[in-house]
Every structure is written in C-alpha cells, then in structure tokens.
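The values are calculated or read from the model by the stated rules, or taken from the named source; none is laboratory data. If you're wondering where the values come from, they're calculated on a predicted model, not measured in any experiment. Cβ: placed from backbone, ideal geometry, glycine included. Neighbour counts: every protein chain shown.
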Amino acid sequence: MKKWLSLALVFGLLLSLCTGCKKTEEEEEKPQVGKVYYLNFKPEANDDWQALAKKYTDETGVEVKVLTAASGDYERTLGVEIDKENPPTMFQVNGPVGLSAWKDYALDLSGSKVYKELISDDFALKDNGKVYGIAFVYEAYGLITNKKLLKDAGYDISEIKDFESLKTIAEDIHKRSKELGFDAFTSSGLDGSSSWRFSGHLTNLPLYYEFTEGNVTTQPATIKGTYLDQFKAVWDLYIRNSATDPKTLTSKTGDDAVAEFKEGKAVFYQNGTWEYANATAIGKENIGFLPIYFNVNDEKQGLCAGTENYWVVNSQVSELDRQATLDFMYWLATSETATTALAGGEMGFTSPFKSAKKPDNGLYAILDDMLEEGKTTSIQWMFPYTPNTDAWRAEVVSALAAYSAGTGEWEGVRKAIVDGWAKQYQASKQ
C-alpha cells in the first residue's frame, strides 16, 4: 500500500512539473511587445496627446506613455529623461542644430514605413544621406488680427499691405485707444512664457533675409546683423503702441497677451497657427492673419512658415521598444483615428503626410490661400540654426528688456544678437 501511495505521489509531482513546463512553453510562445514613451514638446497639446495615446493602447494593447515638457524646458527635460532606466523611445528635435546634440540617440529612419508617408523629402531631417527625423507638423506665425476691432477703428484688413500701412494704422489706434476702448498690440511680454515669440520668432526675420541674401544653408559661425534696423522698427512699433508700459515687459506673460486678445483689448497679436483655439474667442469670422511686415520686400512677404518639430526614435532602447515606436508613428501618420485627432482639437496640425486631413483651423486656411494665390513667399524658419538656443535667446531677452525700459541702448541688443551668436557658436563646439 505504501509502495502504491509513493508511486501516486511521484506521479502527481511529475504531472505537476509537466504542467508547469507546458505553461512555461505557452508563455514563451506568447509574442512579446515593446512599449512607447513619447516626450512631447507642445504643452498646449498635452491633453490631446494623452487622449491619443489611450486610444492607441485601447486599439492595440501597446502601452504608450506621454510626458509633456514645460514651455521653454524641453531640452533640459530631455537631458534628464534620456539617462533614466526607461528613457523616451520617441522625442523631438527642432532641426539640424537640435539633431547635432542628439544624433547619438537617433535611429536611421530611411527604411521606415512612416518616412515613405511623407509628401515630400523637404519634411525629412537628413544628415549624410540618412533620415534621422520626420516632421509631423507644418506651422505658421504672423500677426493674428481682430478684424472687428480694426473695422471699429475705421479700417479694413485689406488696407494693411506693408510695414508703413501697418505702422500708420497701429499708431492711429494707439493715439485713440482711450476713445476706442482698445489698443493696437497685445503686450510683448519678456517673461519666459512669452519671450520666445520675440527672441526666437521675431529674430527669425532678420536671420531669414540675411541668410537668403548670403545663400546660407548650414549653421554659420557668425552673423552680420544686416537687417537689425528693421527688427528695431518692428519692436518699437510693438512696445510703443500697446497699453503695456515698456518698463514692465519682464513681468508680462504669454497668458497676459492671450487674455488681452481674447477680451478684445488689442487688435494685433504676434503668434501662430497653434493659437487658433484661443483666437476663436473673438469669433471665427473676426480672425485675420497678417505677415509681420519687415519693410524689406513687403509686396511679396508672406507668413513665417516652417517646422521645428521632428519626431526622432531613440536608437538606444530595446529592439522591441524601437519597433513599437515605429508602429506607433506609422499609426499616427496613416490611421483615421490619429489623422483626425492631429487635425482637430488643440493640435489643429497641418501634417506633411499623404493621409493627413486638413485641420479645422482658420489660420491654416489663410496660410493656404496665400500660398495658392502665389502672391507671397513664405518666410522660412531660420531660428533652428541658433547655436545654444536657450543661452543665446536669454541674452537677447535681457538686452531687449533693458532697451525697452530705457536702461539700455539698442547697441546692447545688436551685440546680444550678433556677438552673442559668435560666442554661443564657439561654446557649442567645445
């Protein structure tokens, strides 16, 4: 009896072991999937990205994490996150200069499916024939304009055709601001949440004209500042025809400017297509979009259009995570769910993909009309060439603040832009 009992126990143990073996084999046969971790550059689109990530997970079962860096803090955040045990599998660079800083982490996307979905190679970020970045949004900025207020002041947007007509109308509105109940320009805030509009976006215009004239196609070690007189004229127009005291600009935020425009306190607001949702507060029918006329080639000048948003896949993560990320990017570029989301909500992107949808964004519609008419030339984005971007812009902002407050001369701004460029270029090469 003891013998049979022993045999039964042994048999049971073997059966248990075999069952465990079978389970292990089944687990080994189960396909393994990677994860996606996207570090997002655009704070205004955070909620949309979170929702889109959830939809992808619901559809595919693949985990997607989205972390959004604070405004003006992307490079620092990327530097912190990239060294963690589970770093971003997908992040953004702003162009050739940004790529040079992160090239060691950039996967060659030349053979990827998402690369083949681009409508043009112009939207691929290349280096030595290899594709390291995929542009996913094409944007534009200029002067968002309240056409109703303009009409209340006795003008029509069609009357503004160059810098001189803009200056004449803005100065007249400012002169009559108490009578009208609104001013010409929103505040040109130099707080960190707003200053990029001027240290980055407004400085793009003198860079564009200088680089175009000199046929500059790669990051130069020095710049001349040929068109800084025009830059000064536009800046003076902004700060002298606003309800905001120029001495207080360092305390004025991006939110302040948004509120001033939404509440009908100013006619002109320098910003871009990404601000459409906020601009609709004045009524879609009242929204206009003008170039930042620069008194150089005004009859042909269009909006400042381009991109500094390129997706990059982290080459240092596991093969499973790389493939999961490539699959996610392809889904973003081609699926009905993603293309609809990218074109709507706070995103409202014009994406350079074959399956992209036109966004429900009136500012993009104005841009498209300008391009289709062929009467204007878009001002290409040159600020991605800036060396040590944050450090260079910080000096420009400091100089603009001093000049505006009357504690510094314009020469200080010129030095911050020109001499600062050479200094930061050298620093970036060390």
Inset, instruction - Could you grab me the full set of residues in segment 175-189 that are crowded, with 23+ Cβ neighbours inside 10 Å, outside any loop (DSSP other than H, G, I, E, B) and of a type outside the set (A, V, I, L, M, F, W, C)? - result: 183
Inset, instruction - Can you give me the number of residues within segment 355-381 that are within 24 Å of residue 208 (Cβ to Cβ), part of a loop (DSSP other than H, G, I, E, B) and within 21 Å of the chain's Cα centre (by Cα)? - result: 2
Inset, instruction - With the condition kept exactly as written, say whether any residue in segment 36-44 is assigned to a helix (DSSP H, G or I) and either modelled with pLDDT under 95 or farther than 18 Å from residue 344 by Cβ (or both). - result: yes
Legend entry - Residue satisfying condition, being part of a helix (DSSP H, G or I), surrounded by fewer than 22 Cβ atoms within 10 Å (Cβ to Cβ) and either touching a helix residue (DSSP H, G or I) at 6+ places or on another chain (Cβ under 9 Å) or free of Cβ contacts under 8 Å to residues at least 12 places away in the same chain (or both), within set 427, 416: 427
Legend entry - Only listed residue being under 30 Å from residue 426 (Cα atoms) and over 25 Å from the mean Cα position of the chain (by Cα), chosen from 179, 213, 164, 171: 213
Inset, instruction - Please specify each residue of segment 112-129 satisfying the condition of being more than 23 Å from the chain's Cα centre (by Cα) and either farther than 17 Å from residue 325 by Cα or modelled with pLDDT under 95 (or both). - result: 128, 129
Inset, instruction - Could you check how many residues of segment 310-319 are outside any strand (DSSP E or B) and of a type outside the set (Val, Ile, Thr)? - result: 4
Legend entry - Subset of segment 76-100 (residues that are within 14 Å of residue 38 (Cβ to Cβ) and touching a Phe, Trp or Tyr at 6+ places or on another chain (Cβ under 9 Å)): 78, 81, 82, 86, 87, 88, 89, 90, 91, 92, 93
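Condition check ((1) at positive phi; (2) not in a strand (DSSP E or B)) across all residues:
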| position | (1), (2) |
| --- | --- |
| 295 | yes, yes |
| 304 | no, no |
| 308 | no, yes |
| 321 | no, yes |
| 338 | no, yes |
Inset, instruction - State yes or no: is residue 306 buried (at least 16 other Cβ atoms within 10 Å of the Cβ), at pLDDT below 95 and closer than 26 Å to residue 148 by Cβ? - result: no
Inset, instruction - Having 2 or more residues that are buried (at least 19 other Cβ atoms within 10 Å of the Cβ) and not aromatic (Phe, Trp, Tyr) is the bar; report the strands (runs of 3 or more DSSP E) wholly within segment 70-174 that clear it. - result: 90-93, 130-135, 139-146
Legend entry - Pairs, first more than 15 Å from residue 197 (Cα to Cα) and outside the structural domain of residue 219 (by TED's automatic domain parsing) in segment 371-393, second at pLDDT 90 or above and surrounded by fewer than 22 Cβ atoms within 10 Å (Cβ to Cβ), C-beta under 7 Å, six or more apart: none
Legend entry - Of all residues making up segment 347-364, the number that are surrounded by 18 or more Cβ atoms within 10 Å (Cβ to Cβ) and either out of contact with any strand residue (DSSP E or B) (no Cβ under 9 Å at 6 or more places or on another chain) or among the small types (Gly, Ala, Ser) (or both): 5
